[in-house]
Structure formats: C-alpha cells, structure tokens
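The values are calculated or read from the model by the stated rules, or taken from the named source; none is laboratory data. Model, not experiment: these values are computed from the prediction. Glycine gets a Cβ as well: all are built from the backbone with ideal geometry, and neighbour counts include every protein chain shown. All accessible areas refer to the heavy atoms of the entire protein, side chains included, with ligands and DNA or RNA removed. Shrake-Rupley method; radii C 1.70, N 1.55, O 1.52, S 1.80 Å.
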Amino acid sequence: QPPSLGFEGRLPSHCAMTYRQSGQRVDGYWANCLNDAGFDNLPRHCRVSASDGSRIYTAQCLLDAGYRRSRR
C-alpha cells in the first residue's frame with residue numbers, strides 16, 4: 001500500500017516514459033523524476049536498470065502496488 005501522500009499516490013505524468021524490454025515496449029517512470037517529486041520510498045522490486053545505467057520503475061508493478069496514474 002502506498003504511503004499516505006498529499007497527492008494520493010498519483011504518479012506524475014511528466015515522469016512517465018516507455019522503454020524496450022525483450023523487444024517489447026513497456027511503460028515506466030524515471031526513478032530520479034519520481035524521487036524529485038517526493039516518491040522516495042517506492043518498492044525496490046519495481047525498479048529496473050536501463051542499458052545506460054539509468055533507473056526506471058515499471059509502471060505495471062507500481063500500479064499493482066497501489067499507486068495510480070496521474071489523470072493528465
């Protein structure tokens with residue numbers, strides 16, 4: 001269950017991105033962007049590393065953990 005946040009656990013749309021994993025497009029969120037937006041206690045099992053070393057959270061995993069997409 002997500003922490004009790006003022007923005008009700010809604011993931012900011014400006015952090016959303018799409019990446020490729022095993023040849024398929026996967027929705028995700030930039031980890032640094034989410035941290036800057038106040039999401040600093042996200043489930044580690046949802047985090048993956050891109051080939052360039054940047055960290056990404058898999059959107060479906062975060063949604064399964066109780067977070068919600070922003071309405072924008």
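Structure values in brief
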| item | result |
| --- | --- |
| Complete set of residues in the stretch 20-40 that are at pLDDT below 90 and either in contact with a His (Cβ under 9 Å, 6 or more places away or on another chain) or part of a loop (DSSP other than H, G, I, E, B) (or both) | 22, 40 |
| Candidate set from the stretch 38-49 (those that are over 15 Å from residue 17 (Cα atoms) and not polar (S, T, N, Q)); member that is most open to solvent (accessible area, probe 1.4 Å) | 44 |
| Residue count for the stretch 6-19, restricted to those that are assigned to a loop (DSSP other than H, G, I, E, B) and either open to solvent by 90 Å² or more (accessible area, probe 1.4 Å) or of a type in the set (Ser, Thr, Tyr) (or both) | 1 |
| Residues of the stretch 63-72 that turn out to be open to solvent by 30 Å² or more (accessible area, probe 1.4 Å), in a loop (DSSP other than H, G, I, E, B) and in contact with a strand residue (DSSP E or B) (Cβ under 6 Å, 6 or more places away or on another chain), as a count | 1 |
| Top-ranked residue of the stretch 50-62 - restricted to ones that are at pLDDT 90 or above and open to solvent by 50 Å² or more (accessible area, probe 1.4 Å), ranked as nearest to residue 9 (Cα to Cα) | 60 |
